[in-house]
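Notes follow once the structure below has been shown.
The values are calculated or read from the model by the stated rules, or taken from the named source; none is laboratory data. Keep in mind the model is a prediction, meaning the values are calculated, not measured. Note that each Cβ is placed from the backbone with ideal geometry, even for glycine, and that neighbours are counted across all protein chains shown. These accessible areas exclude ligands, DNA and RNA; they are computed on the full protein's heavy atoms, side chains included. Shrake-Rupley method; radii C 1.70, N 1.55, O 1.52, S 1.80 Å.
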Amino acid sequence: MGRHREFDVDQALDAALCVFWRKGYEGASYTDLTQATGVQRPALYAAFGNKEALFRQALARYYEHYLDYFPAALEQPTSREVAAHILRGAAELHTRYADRKGCLGVHGVLAGSDDAEPVRHALIDARATGEASLRERFERAKQEGDLPKTVNCATLAAFVMTVLHGMAVQAKAGFCRDTLDAVVEQALSTWPGGNHR
């Protein structure tokens with residue numbers, strides 16, 4: 001057993017998550033992180049490792065605590081309801097907090113220095129995993145007759161993820177919840193199969 005820490009690791013991780021969500025991986029300085037967590041740099045290193053390790057732990061916490069609507073969406077009875085649940089959940093999350101709009105999984109590192117490449121690739125991989133699970137769910141919907149046989153499930157999953165990621169970018173730029181909800185309705189209005197409720 002390690003020695004007793006003088007700070008709450010979960011609280012520090014939540015505080016770091018908020019900094020990364022607001023500023024991105026490279027935009028978050030150690031000063032930002034130590035001020036937000038109230039923990040000095042040596043103690044942060046001891047608890048979490050380096051900045052990349054801290055970011056990866058914060059990202060895992062983000063997926064666990066904030067993106068729970070995504071796995072819940074995959075359990076919806078129809079493909080349209082799956083997409084609606086994901087997109088509406090994202091519209092709500094992307095605009096929930098005034099100080100951190102958008103999505104950490106999208107904005108964490110869209111483009112960055114060579115040093116940030118491992119983190120950028122981790123985010124790309126995480127988004128690809130989400131898209132793959134969505135494609136598999138749509139394949140099941142196709143087998144069940146919920147989607148037409150002509151539908152390309154990979155393209156449909158890519159479409160939903162593209163709308164999802166675009167909403168994150170627009171939320172970061174200041175789009176309000178009502179505008180994002182209207183985007184969701186527009187995207188759903190063309191859903192294949194004609195099952196609109």
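In the set (1) loosely packed, with under 12 Cβ neighbours inside 10 Å; (2) more than 12 Å from the chain's Cα centre (by Cα); (3) modelled with pLDDT of 90 or more; (4) assigned to a helix (DSSP H, G or I), the condition left unmet by D115 is number (3). Applying the condition of being open to solvent by less than 30 Å² (accessible area, probe 1.4 Å) and either modelled with pLDDT of 95 or more or hydrophobic (A, V, I, L, M, F, W, C) (or both) to the range 21-52 and asking which residue is nearest to K172 (Cα to Cα) yields W21.
Taking the listed residues A46, A36, A72, A16, the one that is under 26 Å from S133 (Cα atoms) and more than 13 Å from the chain's Cα centre (by Cα) is A72, with no other qualifying.
Checking each residue in the range 125-180 for being within 17 Å of L67 (Cα to Cα), of a type in the set (S, T, N, Q) and in contact with a Leu (Cβ under 8 Å, 6 or more places away or on another chain) picks out only S133.
Considering the conditions (1) of a type outside the set (F, W, Y); (2) touching a Leu at 6+ places or on another chain (Cβ under 9 Å); (3) surrounded by fewer than 16 Cβ atoms within 10 Å (Cβ to Cβ), R96 is excluded by exactly one of them, (2).
As for the range 64-74, it holds at least one residue that is closer than 20 Å to R177 by Cβ and buried (at least 21 other Cβ atoms within 10 Å of the Cβ).
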